[in-house]
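Student: Got a structure for you, written out below as structure tokens; questions coming shortly.
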Amino acid sequence: MTQTPGPPLRDVPLTHFRDVLGTFATGVVVVTALDEGEPVGMTVQSFASLSLRPPLVLFCPARTSRTWPRVRRAGSFCANVLAEDQADVAAAMASGAGDRFAGLAWEPGHGGAPRLAGALAHVEATVQAVHAGGDHDVVVGRVRRVARGAAGTGPLLYHEGRYARVLGEEAVAPGPRR
Ligand SMILES: Cc1cc2nc3c(=O)[nH]c(=O)nc-3n(C[C@H](O)[C@H](O)[C@H](O)COP(=O)(O)O)c2cc1C
């Protein structure tokens, strides 16, 4: 089966661009920090491991984000990798209304950044570099500590505008270890 290429991007609505990019499934992370004694956090799917030596991760906050300047000022953050039962946490940390930490259990980690209870993993880092990326920034974090959290549960996924989970652990093909 051949698939025809799309028209030049200037001829398609931005919603189509978003829909097509939404086919890329990701995990979900809440980036937290402690800014002037107050916990702050935001949901991101733009999280990735970047480098092993030195250990680096990245995430991409919108330049309009109100939380990102506070994370930057704090200088340290925790990337909380959400578990499949934490869709409500993802929604709360993306919401414009209310206290995002209401009812959430957490403890301070590196630089005070909240380590959320029930997360699959905590990746604690300091802001090492910030690069411009259109209407987002690309934040490179130098990893200081990592730990696995909740055992026996799978990751929360985000795909085509919906939260999802892995159904079973059956591999479709053996993957190379990387
Ligand atoms: C699943 C999911 C993934 C998201 N990924 C990102 C992201 O990578 N970068 C970003 O800036 N916002 C992302 N958002 C949106 C922010 O969480 C949302 O805009 C939030 O309100 C930002 O709040 P702030 O203004 O306090 O930073 C995502 C939201 C959801 C639900």
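The values are calculated or read from the model by the stated rules, or taken from the named source; none is laboratory data. Since this is a predicted model, take the numbers as computed values, not measurements. Positions of Cβ are backbone-derived with ideal geometry, glycine not excepted, and every protein chain shown enters the neighbour counts.
Student: Please enumerate the residues belonging to the stretch 36-62 that are assigned to a loop (DSSP other than H, G, I, E, B), loosely packed, with under 13 Cβ neighbours inside 10 Å and either of a type in the set (Asp, Glu) or within 11 Å of the ligand (Cβ to nearest atom) (or both).
Tutor: Glu36
Student: So in the stretch 24-61, with the set limited to residues that are of a type in the set (Val, Ile, Thr) and more than 20 Å from Tyr163 (Cβ to Cβ), which one is nearest to the chain's Cα centre (by Cα)?
Tutor: So, considering only residues that are of a type in the set (Val, Ile, Thr) and more than 20 Å from Tyr163 (Cβ to Cβ), the one nearest to the chain's Cα centre (by Cα) is Val57.
Student: Let me ask something additional. The conditions are (1) in contact with a Lys or Arg (Cβ under 8 Å, 6 or more places away or on another chain); (2) closer than 17 Å to Asp137 by Cα, and Met93 fails exactly one of them. Which is it?
Tutor: (2)
Student: Also: Could you tell me whether the stretch 85-98 includes any residue that is buried (at least 16 other Cβ atoms within 10 Å of the Cβ), within 13 Å of Val40 (Cα to Cα) and in contact (Cβ under 8 Å) with a residue 60 or more places away in the chain?
Tutor: Within the stretch 85-98, one or more residues are buried (at least 16 other Cβ atoms within 10 Å of the Cβ), within 13 Å of Val40 (Cα to Cα) and in contact (Cβ under 8 Å) with a residue 60 or more places away in the chain.
Student: Can you find a residue in the stretch 68-80 that is assigned to a loop (DSSP other than H, G, I, E, B) and within 9 Å of the ligand (Cβ to nearest atom)?
Tutor: No, there is no match, as no residue in the stretch 68-80 is assigned to a loop (DSSP other than H, G, I, E, B) and within 9 Å of the ligand (Cβ to nearest atom).
Student: Give all pairs with beta carbons closer than 9 Å in which a residue from the stretch 60-74 that is modelled with pLDDT of 95 or more meets a residue that is aromatic (Phe, Trp, Tyr); count only pairs at least 6 apart in sequence or on separate chains.
Tutor: Cβ pairs passing all conditions: Cys60/Phe47; Pro61/Trp68; Ala62/Trp68; Val71/Phe77.
Student: Name the residues in the stretch 1-19 that are surrounded by 12 or more Cβ atoms within 10 Å (Cβ to Cβ) and either within 11 Å of the ligand (Cβ to nearest atom) or aliphatic (A, V, I, L, M) (or both), would you?
Tutor: Once the filter is applied, which keeps residues that are surrounded by 12 or more Cβ atoms within 10 Å (Cβ to Cβ) and either within 11 Å of the ligand (Cβ to nearest atom) or aliphatic (A, V, I, L, M) (or both), the stretch 1-19 yields only Val12.
Student: Next question, about the same structure. Which members of the stretch 115-143 meet the condition of being within 16 Å of the ligand (Cβ to nearest atom) and closer than 25 Å to Ala164 by Cβ?
Tutor: Listed by number, the residues that qualify are Leu116, Ala119, Leu120, Val123, His136.
Student: Give the residues of the stretch 42-79 that are in contact with a helix residue (DSSP H, G or I) (Cβ under 6 Å, 6 or more places away or on another chain) and within 19 Å of Gly149 (Cα to Cα), sorted by residue number.
Tutor: Thr43, Phe77 - these are the residues of the stretch 42-79 that are in contact with a helix residue (DSSP H, G or I) (Cβ under 6 Å, 6 or more places away or on another chain) and within 19 Å of Gly149 (Cα to Cα).
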